[in-house]
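The structure appears below as structure tokens.
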Amino acid sequence: MPEIQEDRTQEDRPTRWYATTGFRITLLHLALTLLGTLLLAGIGFWASSRFAAQQIQAEIERDVGVLLNAARLGGAPSLALSIEARIASDRSGTQYFFLSGPDGGRVAGNLAVAPRPDGWATMRLDSAAADSVLLAYGTALRGGFFLLVGRDLAPVRELEARLLGAAGWVGGAALLLALGGGLVVGRSVVRRAAQMERALAEVEAGRLETRLPARPGGDEFDRLARRLNATLDRLQATMAALRQVTDDIAHDLRTPLTRLRQRLETLEGEEAEAAVAECDRILEIFAALLRIAQVESGARRAGFRAVALAEVAETVAELYAGAAAERGQTLALDLAPDVTLQGDRDLLAQMLANLVENAIRHGREGGRVTLALRPGPEITVVDDGPGIPAEARALVLRRFHRLDASRSSAGTGLGLALVAAVAELHGLALALEDAAPGLRVRLTAA
């Protein structure tokens with residue numbers, strides 16, 4: 001049904017990019033990738049750092065074992081010689097030894113002073129050229145001697161720094177790849193959703209033959225599209241059957257009613273004239289129903305041509321000038337020239353005729369009815385009557401709906417329904433507005 005409200009609804013507003021499913025998928029993909037990268041980097045950092053520390057610990061244990069063996073074989077002198085030999089052969093500068101005598105003084109080693117821990121300990125060398133942290137193992141020997149063997153943890157710290165730097169580069173690359181991959185996936189989702197939205201908009205506009213694109217096999221979008229296409233097939237078949245039933249009923253009843261009218265015309269008297277008038281009214285209703293069904297089927301769209309709307313409006317105004325004069329009304333025209341629309345001239349003329357007739361019938365006696373045309377195109381018909389309440393404007397476009405619930409006034413309740421059908425066929429948005437006083441009917445290119 002054509003739009004009848006001036007303000008756009010929330011669904012009509014353009015979707016912001018950050019509110020799309022594609023953007024949410026991109027964010028989710030990015031978050032999961034970052035989380036996975038951080039988890040893997042953390043595990044790799046912990047495992048590499050632990051392995052390096054275990055290697056240093058194994059070296060210390062090996063040195064302690066060798067030195068203890070030397071102490072058993074040759075006593076403290078042999079142990080001191082072994083320590084000095086290891087210090088001399090250390091090219092990395094990360095090995096530290098300390099052998100103290102019973103009095104606590106240094107006997108051998110490259111440490112001036114050292115604590116006497118029993119077992120494993122971590123110690124800081126403030127006196128070193130560079131602030132160093134040692135992993136050391138201390139053990140007491142016979143005769144009050146004490147041996148301490150340590151390794152500088154600088155290689156482990158350097159490895160950890162390198163791992164952190166590599167993790168930063170890997171994280172940055174993963175971030176870019178995740179963002180790119182998420183955008184690709186998101187754009188694909190948005191593109192498929194946009195295709196489905198456009199197809200459904202075509203269906204909403206009345207083109208029930210439109211179908212959603214679906215690839216053979218495909219993903220969940222294709223399965224959903226096939227399901228919707230099957231639903232549209234059923235809907236189109238149902239609508240076609242409903243229109244056919246309406247057409248058949250109208251055609252079948254029109255013939256006996258026409259014969260009844262002809263017989264009534266042979267009779268005389270007021271009752272016969274009233275019966276003829278009622279038959280005319282019923283035939284008029286069936287004719288309107290058939291016209292609406294024909295318009296809604298879209299069969300007339302194939303014959304669309306460029307229609308000069310100003311000429312059509314002038315023709316309609318000439319036809320209804322007498323009706324307006326009978327009510328003392330002024331039928332004013334405000335027509336822009338050279339405004340055309342691709343459409344069916346007869347249907348457009350019928351649409352304008354219905355609007356002008358309604359404006360004359362419901363406008364104030366002695367008032368003014370204006371038919372205006374602007375480029376776009378934009379067509380407006382304005383009267384100065386009581387108008388239509390805002391809550392009833394959507395209802396008057398339905399078939400047989402009338403503001404006069406008692407049905408005491410003239411009319412069939414199909415005039416605006418036909419206007420709505422013709423407007424939709426021609427891609428025109430129909431809006432009913434308050435003219436204060438009266439009603440303004442506005443038709444604009446959708």
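Measuring from label point to label point, each 7 Å out along Cα→Cβ, what is the residue 207 to residue 116 span in nm? About 9.7 nm separates the two model spin labels.
Near residue 368, the amide H atoms lying under 5 Å from its own belong to 330, 384; only residues 5 or more places off or on other chains count, and H is placed 1.01 Å from N. A cut-off of 5 Å between modelled amide H atoms, ignoring neighbours fewer than 5 places along the same chain, links residue 335 with 373. Along segment 439-445 the Karplus relation, 6.51 cos²θ - 1.76 cosθ + 1.60 evaluated at θ = phi - 60°, assigns HN-Hα couplings of 10, 10, 9, 10, 10, 10, 5 Hz to successive residues, with x for each Gly and Pro. Per-residue Karplus couplings for segment 139-147, computed as 6.51 cos²θ - 1.76 cosθ + 1.60 with θ equal to phi - 60°, are listed in order as 8, 7, 10, 5, x, x, 6, 9, 10 Hz, Gly and Pro entered as x.
How big, in percent, is the set of alpha carbon pairs in segment 129-228 lying more than 22 Å apart? Beyond 22 Å sits 66 percent of the P(r) for segment 129-228. Here the scattering of segment 301-445 is modelled by Debye summation over its C-alpha atoms, one equal scatterer each and no solvent; at q = 0.14, 0.18 Å⁻¹ the log10 of I(q)/I(0) is -0.63, -1.06. Close amide-amide hydrogen proximity is noted between residue 107 and 99, 100, 101, each under 5 Å apart and 5 or more residues distant or on a separate chain (H modeled in the peptide plane; Pro and chain starts excluded). Approximating the spin labels as points 7 Å out from Cα along Cα→Cβ, the residue 32-to-residue 241 distance works out to 4.4 nm. Sorted into 10 angstrom bins from 0, the C-alpha pair distances of segment 1-204 split as 7, 22, 17, 11, 10, 9, 8, 7, 5, 3, 1 percent. Here the dipole of segment 1-204 is about 640 debye; that uses its Cα centre as origin and unit charges on the Cβ of Lys and Arg (positive) and Asp and Glu (negative). Net length available on complete extension from residue 220 to residue 58 is 52.6 nm, with 0.36 nm assigned per residue and the Cα-Cα distance removed. The ranking of 442, 374 by Cβ neighbour count inside 10 Å, starting from the fewest, reads 374, 442.
Bear in mind that the values in this text are calculations on the coordinates, not laboratory data. Every value quoted in this text rests on a predicted model; they were computed, and no experiment measured them. All Cβ positions, glycine included, derive from the backbone under ideal geometry; neighbour counts span all protein chains shown.
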